[in-house]
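The values are calculated or read from the model by the stated rules, or taken from the named source; none is laboratory data. Computed from a predicted model, the values in this text were never measured in an experiment. Cβ coordinates were reconstructed from backbone atoms using ideal geometry, including for glycine residues, and neighbour counts include every protein chain displayed. Each accessible area value is taken on the protein alone, full model and side chains, heavy atoms only, with ligands, DNA and RNA left out. Shrake-Rupley method; radii C 1.70, N 1.55, O 1.52, S 1.80 Å.
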Amino acid sequence: MSLTWLDRDLTTTAYGWRLDRADGVSFGFTSHDRDIVVDNFRYRATPGMIPSTISLNDSLDVDSVEIEGVLNASAITEEDLVAGRWNGAQLQIVLLNWESPNDEAKHLISGEFGEITRSGNSFQVEILGPTSFLDEAIVPLTSPTCRARFGDKQCKLSLHEYQQEVTLSGRDGSRMEIEDLAGLASSYAFGELRWLSGHNCGLSSAVLKGEGNAVWLADAPADVAVIGERVLLTAGCDKNFTTCQNRFANSLNFRGEPHLPGNDLLTRYPGT
């Protein structure tokens, strides 16, 4: 296949958006007035989705783009935006040949959801392209605490060994009671709770602390949690060297400088 269909005198092009959320749900939209099916994936006709100007070049400019649209009860809803289901979603924008959908598509841009703003019954999303991450620091700054994320490629611990699938036995706002923890809830402080069933399925919440059989979440779940729902708890780390060494025996992979003198040492007066 090739892109020769773009060189015809009469164009048959349509925008195609593919959105992949972090919870595994995917959506397809097209600017065409009819649905387009490509490789068994359906792009639904959504004339209200409007992309800003997309500029393609070989420079290292930040390749971000914005899209606007109308909240749709069957696709992008206000409830899902508020709940955070669209945070970090992946987006691909292509040009499709609506007359022959199986022709090779023209890739325009891909990236992930950045800032999302809502106004009335509409929304606007900033899409961050690959070069937008060039704004990050080239080298890490020194810090007394660990800069790695628990279980990532720098930490090198296997998250599977520190996860437990349990059942919710009680709730009170952001406090979740889980009898299956057998009094060991404190080990999940600074960790994560991911909902595996119910209306919050696919969403995750940070765990602030744990005590006995209860954990406290940073934010109450978007929808009311129901006793009996399944959740996945992942242990956390406070990023201190003593915790890394004594609890996880992982001091060799500690990404911090706990013994480096801080600014307070430089500001001391002689003799004090």
*Regarding Pro221, is this residue assigned to a loop (DSSP other than H, G, I, E, B) and open to solvent by less than 60 Å² (accessible area, probe 1.4 Å)?*
yes
*Does the range 145-162 contain at least one residue that is assigned to a strand (DSSP E or B) and either closer than 30 Å to Ser26 by Cβ or open to solvent by less than 50 Å² (accessible area, probe 1.4 Å) (or both)?*
no
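Table: residues versus (1) more than 24 Å from Gly202 (Cα to Cα); (2) at pLDDT below 85; (3) open to solvent by 40 Å² or more (accessible area, probe 1.4 Å).
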position: Ser2; (1), (2), (3): yes, yes, yes
position: Thr30; (1), (2), (3): yes, no, no
position: Leu60; (1), (2), (3): yes, yes, yes
position: Ala73; (1), (2), (3): no, yes, yes
position: Arg85; (1), (2), (3): no, yes, no
position: Gly88; (1), (2), (3): no, yes, no
*Does any residue in the range 138-155 that is under 20 Å from His259 (Cα atoms) come within less than 6 Å, Cβ to Cβ, of a residue that is of a type in the set (Asp, Glu) six or more places away or on a different chain, and which pairs are these?*
Thr142/Glu257
*the range 184-217, residues that are in a loop (DSSP other than H, G, I, E, B), open to solvent by less than 70 Å² (accessible area, probe 1.4 Å) and at pLDDT 90 or above*: Ala189, Gly191, Leu196, Ser197, Gly212, Asn213
*Taking the stated definitions as given, is Asp180 open to solvent by 20 Å² or more (accessible area, probe 1.4 Å), acidic (Asp, Glu) and touching a strand residue (DSSP E or B) at 6+ places or on another chain (Cβ under 8 Å)?*
yes
*asked:* On the basis of being charged (D, E, K, R) and surrounded by fewer than 16 Cβ atoms within 10 Å (Cβ to Cβ), does Arg255 make the cut?
replied: no
